[in-house]
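Okay, so here's the structure we're looking at.
The values are calculated or read from the model by the stated rules, or taken from the named source; none is laboratory data. Bear in mind that the values here come from a model prediction, so they are computed numbers and not experimental data. Quick reminder, even Gly has a Cβ in these numbers, built from the backbone with ideal geometry, and neighbours come from all protein chains shown. Surface accessibility is based on the protein's heavy atoms, side chains included, excluding ligands, DNA and RNA. Shrake-Rupley method; radii C 1.70, N 1.55, O 1.52, S 1.80 Å.
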Amino acid sequence: MSLQGKRIVLAVTGSIAAYKTPQFVRQLVKAGADVKVLVTVAATQFVSALSLAAVSKHAVLANVNDGATWNNHVELGLWADAMLIAPCSANTLGKLANGLCDNLVCAVYLSARCPVFIAPAMDEDMWLHPSTQLNISKVKGFGNHIIPVAHGELASGLVGEGRMAEPEDMVAHLAMFFSVENNSLKGVKALVTAGPTYERIDPVRFIGNFSSGKMGIAIADALAEKGAAVTLVLGPSHERAHHSGVRTIAVESAQEMYAACIEEFKSVQIAVLAAAVADYRPAVRADEKIKKKDNELTLALAKTDDILAGLGKIKQSWQTLVGFALETNNELEHATGKLTAKNADMVVLNSLRDEGAGFGHDTNKITLLTGDGRHKTLPLMSKKDAAASIVDQILELRHAENIA
Ligand code: CTP
């Protein structure tokens with residue numbers, strides 16, 4: 001993960017997550033970046049400017065003018081290769097969305113010509129408030145990159161959305177953005193599905209599965225890292241894509257995922273269907289909560305539409321379609337069957353018999369099966385590395401078929 005030689009202006013605003021910023025600066029510096037830190041007055045109640053100066057090895061600036069010194073905000077904005085506002089409080093977000101400029105952070109933001117990354121951090125209710133969401137879509141609309149909030153414990157004691165992304169994830173996010181190493185998918189559009197689907201039984205219950213969405217999200221990020229414009233159709237999951245080249249469409253059921261995929265598939269060159277889609281949904285969805293009565297309850301289930309098979313039917317020669325196969329026995333045989341039956345170009349096989357593979361883990365052990373009858377088994381590796389291998393194999397396939 002390299003940020004070698006990158007100049008980064010880090011603006012720290014008033015949120016409890018500011019206490020993580022000295023650690024974050026250290027990680028940025030370790031990755032090779034030169035970091036200058038700005039703080040708002042509120043930020044200094046959560047983190048000391050002295051700590052930030054010590055780790056960044058630059059003076060920490062808070063005001064446009066520090067007595068006799070004029071801190072040139074235009075110069076700072078021009079110096080930086082990227083500006084990162086982390087944590088970005090609800091208050092600062094509101095200012096950014098509306099062009100207010102009552103401190104140095106806002107002045108540098110308004111004069112920055114470099115890409116700006118915003119890592120919001122606040123309590124879940126503040127995060128979900130319509131005004132915050134409106135401000136987020138406004139600043140996105142200005143071309144800023146939002147580093148998605150994480151899900152977890154919040155300072156309020158609640159558990160939910162709104163935590164600042166972890167420092168290592170933010171470093172990865174920036175590194176991915178700057179990764180010029182490979183732009184082999186520039187101009188290419190890709191579709192990825194990830195996560196489980198929930199099939200509603202009644203207003204309070206559903207049929208679901210344990211998929212975390214991590215594998216599919218890692219693939220979406222890996223495709224975006226190579227320059228692709230990615231649409232991620234994501235079932236209910238707390239995980240989020242890191243790369244700003246990934247646009248997420250959130251869905252709940254197999255039917256919603258099917259509809260989104262059929263629509264998106266028309267314009268993409270690559271589709272990777274990693275979601276664990278429910279094969280069956282309740283035949284009838286009760287409008288009211290089903291009451292407890294008899295000792296046994298039988299639910300009639302109806303088959304869902306198979307998205308991979310559906311896309312396989314309409315696939316064009318310039319499109320590469322990749323599916324997954326999660327198996328517990330006769331793995332190769334079943335996976336090959338799926339490859340043929342669903343008209344995919346490649347199937348990524350996961351065996352639940354492999355330790356460290358499958359749902360929930362950060363690692364995976366995969367076998368890549370291609371239409372030419374070949375298969376390649378990879379060792380146990382992180383989902384991120386597995387995603388990179390899958391993307392490399394897709395590139396190889398497209399190259400071999402001259403549809404790069
Ligand atoms: N899939 C899909 N739509 C469905 C079910 C599965 O697109 N309704 C896709 C999955 O995203 C995956 C592939 O089909 O890419 C294989 O999924 P898997 O669950 O392994 O196989 P199934 O075809 O559902 O068969 P089975 O459950 O009998 O193994």
Original post:
HN-Hα J couplings of region 183-191 from phi, Karplus 6.51/-1.76/1.60, θ = phi - 60°, integer Hz, Gly and Pro as x?
Top reply: 10, 5, 10, 4, x, 9, 9, 9, 10
Original post:
Which distance in nm do the two modelled labels at N330 and R200 give, with both placed 7 Å along the Cα-to-Cβ direction?
Top reply: 3.8
Original post:
Using the heavy atoms of the protein chains alone and a 1.4 angstrom probe, what is the accessible area of the chain per residue in square angstrom?
Top reply: 48
Original post:
With each label point set 7 Å from Cα along the Cα-Cβ vector, what nm distance links D279 and D392?
Top reply: 3.3
**OP:** Restricting to the chain, compute how many DSSP beta bridges are antiparallel as a %, nearest 5.
**Re:** 35
Subject >> Loop-located trypsin sites (Lys or Arg not before Pro) in region 341-404, at most 11 other Cβ atoms within 10 Å (DSSP) >> reply: R374
**OP:** Filter the cross-link list K30/K383; K226/K315; K342/K383; K138/K384 down to pairs whose alpha-carbon distance in this structure exceeds 26 Å.
**Re:** K138/K384
Original post:
Does anything in region 188-212 have its amide N under 16 Å from the 7 Å Cα→Cβ label point of F359, and if so which residues?
Top reply: 194-200, 206-212
Original post:
Over region 184-403, what is the percentage of antiparallel beta bridges among all DSSP beta bridges, to the nearest 5?
Top reply: 40
**OP:** Output the direction-averaged projected area (hull surface divided by four) of the convex hull of the alpha-carbon atoms of the chain, in nm².
**Re:** 22.4
Subject >> From phi via Karplus (6.51, -1.76, 1.60), per-residue ³J(HN,Hα) for region 236-243 in Hz, x at Gly/Pro >> reply: x, 8, 8, 7, 9, 6, 9, 7
Original post:
Where the accessible area of region 184-403 is counted over protein heavy atoms with a 1.4 Å probe, how much of it, in %, is carbon and sulfur?
Top reply: 50
Subject >> Net length gained if the chain between L378 and V29 were fully extended (0.36 nm per residue, minus Cα distance) >> reply: 122.3 nm
Original post:
Residue separation times 0.36 nm, minus the C-alpha to C-alpha distance between V74 and A155: what's the value?
Top reply: 25.7 nm
Subject >> aspartates and glutamates with Cα under 15 Å of K289, excluding same-chain neighbours fewer than 8 positions away >> reply: E199, D202
Original post:
Average projected area of the Cα convex hull of region 280-344, in nm²?
Top reply: 7.2
Original post:
Quick one: if the Förster radius is 35 Å, what FRET efficiency do T298 and E263 give, using the C-beta to C-beta distance and rounding to 0.05?
Top reply: 0.50
Subject >> Per DSSP, loop GluC sites (Glu not before Pro) in region 336-404 with at most 14 further Cβ within 10 Å >> reply: E355, E401
Original post:
Using a simple spin-label model with points 7 Å from Cα along the Cα→Cβ vector, what separation in nm is obtained for C114 and A53?
Top reply: 2.2
Original post:
What do you get for Rg/Rh of region 148-222 when both radii come from the Cα atoms and Rh is the Kirkwood radius?
Top reply: 1.08
**OP:** Note the per residue figure in Å³ for the convex hull of the C-alpha positions in region 248-404.
**Re:** 155
